[in-house]
Structures are given as structure tokens and as C-alpha cells.
Amino acid sequence: MSQHNPAPRFGRFLAIVLLTCPPALQAQEPELGIEVVGRRLLDVPGGRPQGLQLGPYGQAVMLAPKQGLLYRFSASKSAPVTHRLAEVIPEFQHAGIHVFQGFSVDGAGRVLIPLQWRGADRSPVAAVSILEPDGTRGKTVVLSPRVEIRHVAAGADGTFYVLGLNAGYFRGLEKECTMVHKYSPAGERLASFSSCPETPRSASLSSVVHRLNKDIDLGHLWTKGDLVYHVLPFSRELRVFRSDGTLVRRVKLQPPAENPLPARYSMFGGDTVSQQVWRIAPVGEGNLLVHWVYSQPEGPGRRNLPYLALHNAAGVAISQPKLLPWKHSALAFSDGQGYCYFIRWISPVRHELIRTKIYLQ
């Protein structure tokens, strides 16, 4: 989820236009099946959460960065325990403090929150605040050297991983542009990896930084065992690393070759159309459920069509594209038991977490 509106706008549906294509050329992949196996209401009074994570013992944890609120939901209640970050994080007294939505929850229930503020000399400070499972302050770890922090994921033995640009590269202080950084429990950088995507040599520095920031702001970072997963949404890529930064797998995600959905809603291809990976959820046998956003300019803004597709380990779509089953919803994550979760926005203060089984039919 993102500081941008996490529910892509559906736009006003226009007349349906049928996609005409010779039957022999149409790829008849299996349809994507979604079976609902559980629903939970999540009430979030006083905030507009932009981050959601699954904690241990069936907990759900939500973060409202702008309001500085953290919500913890037990497995059986829709009303949360609410924590005001200003009351448990002393660093909130600093000028210009900014809370980012890319937080994480470790296996013990500790919450890791990415922060940035201005130091006494007005220079930016990047840090990770670690809250204990009961919501009390644990500690705030300042990152050295600093990166433009946006997301954090818990590692083993108190280490953690940060998704953000290494600002030193653009000041000529570092040789490589990297996006993922491993830090010790004390905030010392141990490794940097996941190279920045290649850009045209003719591109200006400002355009390069703008594109990288988009891949990072809307990107995703998580860990599973000894592996670190990094998603680049605009580059449409999933990278998997070992804990030391060694690349294990690099998947270029390919939109479905045949997709009748845009034409059904009077959206057409062209040079101005983009397809972005909004979210990825690993499912059984190495497959990936991908929440795509098909986007094209419309007036002063853009018109977006979100849809789902199941992809194999090579990044190729193995199902027909499917609209999300619920309005104002998004794919959230999957767990280690083979379930995928969706979040549905009922109102600004009420959400629904939907647990599902994914299959081909």
C-alpha cells in the first residue's frame, strides 16, 4: 500500500467494446478462481491507514502515517488497540518528521517503522523505530550511512533491510546506485544490493531520480527465511536475494499476452499506456499472483483499470486476466499457509480483510 491512493480509480465505465480477434490467435489460458475462506472487519477510527501487515497469531497491523497512528487487531476482534506514535517515539519532537507507510512486523510481533526527520544542522536523518509487541517504545535506530528510506523489512538476529536510494551515489560518494540495504541492529550498513534499473544515457539526472523514486515509493520489500524479496513496480520485476545480497532469482513479469479487459471498458493501447505491478503475492509451487494496473492518460489525470493474473516462476501469465472480485479493493499479501489476502475499503474508517484460496479452473 502506498501514500498514494491504494485503491486505483476505476473511472466511469463507458460503452463496452468487444475485442475482435481470430479465434485461432486467442490464448485460452485457464480462468483464475478465487475462493473466499474468511472475512474480518477492521475498524480504524481517527485515521486513514495506508499500510497493512499480518502479524503473528492472526494479528493484523495497520499504520496511518499522516495521523501518526498504529492499529493492532487481534484475530477475533474488529476494534483495534490504537497507539499514538508521538507518545511512544520521542523522535516525534524533531522538526519535519515523516513516517513512511512501508513498515513491517517481525515474527515476535515487533513493528518496524521507517522514519525521516531534520537534524540539528537541518540535514536529513533516516531511522527505523522498533516498537515492542505491546506497543511500547523499543528503540529508534539511526541509519549510517543514510539512505532515502521508504520501506523496511525485518531480518534475522535484529538485522533489517531498507528499500531506498543511497543518496551518496548521486553526490559521487558511492560507486554504485543500489536500492536495498542491510543494516545491523545498531544501524550500521552491512551491505547494499539490488542495482538501480538501467536508464537511457540521454536521460537527465532529474528524470532518472524521478523514475527511481517511483520504483521505490511504490515498491515492496519483504523477507522469508533467509531470502529477501524486492519488487520494482514500474520496471515490472521481482528480485530475490540471500541475506548477504547474493542474487538468487530475477523475474521479469510479463503482462498477459491477450487481455480483453481494457477494450471492454473503452481503454485502448498505445505509446502512452503503462502497466504497473501494484502488488505481488507468492502462491504455491513458485507461482505469483499479480495485481496489475493498466493505466492511460485521460484529461489532466490518468484512468486506471486494476486486474489480477496468475504467473509462473518465469513471470509468464498462466491464467486469463480477471477483474478484482470486489470494488475498491486491492491484493494485500499471502501467508505461509497458501492463503492470499485482499483489503476492501468500505469507508474511510472501516475496512474488510478477505482471506482467499487461489486456483486455476
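The values are calculated or read from the model by the stated rules, or taken from the named source; none is laboratory data. No experiment lies behind these values; they were computed from the predicted model shown. No Cβ is skipped: glycine too gets one built from the backbone with ideal geometry, and neighbour counts run over all protein chains shown.
Which residue is modelled with the lowest pLDDT, if the candidates are limited to segment 162-204 and must be part of a loop (DSSP other than H, G, I, E, B) and charged (D, E, K, R)? Quick ask: steps written out before the conclusion?
Initially, segment 162-204 is screened for residues part of a loop (DSSP other than H, G, I, E, B), giving 166, 171-177, 184-187, 196-204.
Now narrow it down to the ones that are charged (D, E, K, R): 171, 174-176, 198, 201.
Numbers: R171: 80, E174: 87, K175: 89, E176: 92, E198: 85, R201: 74.
Only one residue tops the list, namely R201.
Quick one: Q67 ticks every box in (1) out of contact with any strand residue (DSSP E or B) (no Cβ under 6 Å at 6 or more places or on another chain); (2) within 18 Å of E352 (Cα to Cα) except a single one, so which number is it?
In the conditions (1) out of contact with any strand residue (DSSP E or B) (no Cβ under 6 Å at 6 or more places or on another chain); (2) within 18 Å of E352 (Cα to Cα), Q67 misses (2) alone.
Inspect all residues belonging to segment 260-272 and state whether any of them is in contact with a His (Cβ under 9 Å, 6 or more places away or on another chain) and not assigned by TED's automatic domain parsing to the domain that holds S194. Full working, then the answer.
The initial filter retains those residues of segment 260-272 that are in contact with a His (Cβ under 9 Å, 6 or more places away or on another chain), namely none.
Looking for residues that are in contact with a His (Cβ under 9 Å, 6 or more places away or on another chain) and not assigned by TED's automatic domain parsing to the domain that holds S194, one finds none in segment 260-272, hence no.
So Y229 fits all but one of (1) over 17 Å from A309 (Cβ atoms); (2) outside the structural domain of A108 (by TED's automatic domain parsing); (3) in contact with a Leu (Cβ under 8 Å, 6 or more places away or on another chain); what number is the exception?
(2)
Hey, among the residues in segment 205-247 that are part of a strand (DSSP E or B) and more than 15 Å from K182 (Cβ to Cβ), which one's nearest to the chain's Cα centre (by Cα)?
So the first thing to find is which residues in segment 205-247 are part of a strand (DSSP E or B), and the list is 220-224, 227-232, 237-242, 247.
Filter once more, keeping what is more than 15 Å from K182 (Cβ to Cβ): 220, 224, 231-232, 237-238.
Values: H220: 4, K224: 15, V231: 8, L232: 9, E237: 13, L238: 12 Å.
Restricting to residues being part of a strand (DSSP E or B) and more than 15 Å from K182 (Cβ to Cβ), the top hit is H220.
Would you confirm whether any residue within segment 285-299 is in contact with a helix residue (DSSP H, G or I) (Cβ under 7 Å, 6 or more places away or on another chain), closer than 19 Å to L331 by Cβ, touching a residue at least 12 places away in the same chain (Cβ under 8 Å) and not aliphatic (A, V, I, L, M)? Give the steps one after another, and end with the answer.
Initially, segment 285-299 is screened for residues in contact with a helix residue (DSSP H, G or I) (Cβ under 7 Å, 6 or more places away or on another chain), giving 294.
Right, trim to closer than 19 Å to L331 by Cβ and you get 294.
Then keep just the ones that are touching a residue at least 12 places away in the same chain (Cβ under 8 Å); that gives 294.
Subset that is not aliphatic (A, V, I, L, M): 294.
So far as segment 285-299 goes, yes, one or more of its residues are in contact with a helix residue (DSSP H, G or I) (Cβ under 7 Å, 6 or more places away or on another chain), closer than 19 Å to L331 by Cβ, touching a residue at least 12 places away in the same chain (Cβ under 8 Å) and not aliphatic (A, V, I, L, M).
Any idea which of (1) under 22 Å from the mean Cα position of the chain (by Cα); (2) closer than 16 Å to G135 by Cα; (3) free of Cβ contacts under 8 Å to residues at least 60 places away in the same chain is the one Q67 doesn't satisfy?
Looking at each condition in turn, Q67 falls short on (2).
In segment 130-150, what count of residues is obtained for those that are within 16 Å of E87 (Cβ to Cβ) and either at pLDDT below 90 or in contact with a Pro (Cβ under 6 Å, 6 or more places away or on another chain) (or both)?
Counting residues in segment 130-150 that are within 16 Å of E87 (Cβ to Cβ) and either at pLDDT below 90 or in contact with a Pro (Cβ under 6 Å, 6 or more places away or on another chain) (or both) gives 5.
Can you give me the number of residues within segment 149-161 that are surrounded by fewer than 18 Cβ atoms within 10 Å (Cβ to Cβ) and part of a strand (DSSP E or B)?
Residues that pass the stated criteria total 0.
Tally time: how many residues in segment 18-46 are more than 23 Å from the chain's Cα centre (by Cα), at pLDDT 95 or above and β-branched (V, I, T)?
Looking only at that region, the number is 1.
Would you list the strands (runs of 3 or more DSSP E) that sit entirely within segment 313-361 and hold 3 or more residues that are within 19 Å of the chain's Cα centre (by Cα) and among the aromatic types (F, W, Y)? Reasoning before the result, please.
On the way: elements: 329-334, 340-347, 350-360.
Qualifying strands (runs of 3 or more DSSP E): 340-347.
Counting only residues that are farther than 19 Å from T140 by Cβ and within 22 Å of the chain's Cα centre (by Cα), how many does segment 70-89 have? Outline the logic, then answer.
Of all residues in segment 70-89, those farther than 19 Å from T140 by Cβ come to 71-82.
Restricting the remaining residues to those that are within 22 Å of the chain's Cα centre (by Cα) gives 71-73.
Matching residues across segment 70-89 total 3.
From V231, V180, which residue is in contact with a His (Cβ under 7 Å, 6 or more places away or on another chain), more than 30 Å from G299 (Cβ to Cβ) and crowded, with 17+ Cβ neighbours inside 10 Å? Let's see the steps before the verdict.
Working: V231 fails: more than 30 Å from G299 (Cβ to Cβ).
Step by step, each of V231, V180 is checked, and only V180 is in contact with a His (Cβ under 7 Å, 6 or more places away or on another chain), more than 30 Å from G299 (Cβ to Cβ) and crowded, with 17+ Cβ neighbours inside 10 Å.
So which residues in segment 106-117 are surrounded by fewer than 23 Cβ atoms within 10 Å (Cβ to Cβ) and in contact (Cβ under 8 Å) with a residue 40 or more places away in the chain?
In the first step, residues of segment 106-117 are kept if they are surrounded by fewer than 23 Cβ atoms within 10 Å (Cβ to Cβ); the result is 106-110, 116-117.
Selection gives D106, G107, A108, G109, R110.
Of (1) under 25 Å from Q53 (Cα atoms); (2) in contact (Cβ under 8 Å) with a residue 40 or more places away in the chain; (3) surrounded by 16 or more Cβ atoms within 10 Å (Cβ to Cβ), L324 satisfies all except one. Which?
(2)
Is there any pair linking a residue in segment 333-351 that is more than 14 Å from G38 (Cα to Cα) to one that is of a type in the set (S, T, Y) and assigned to a loop (DSSP other than H, G, I, E, B), with Cβ under 6 Å and at least six apart or on different chains, and which?
That search, which allows pairs on different chains as well, returns nothing.
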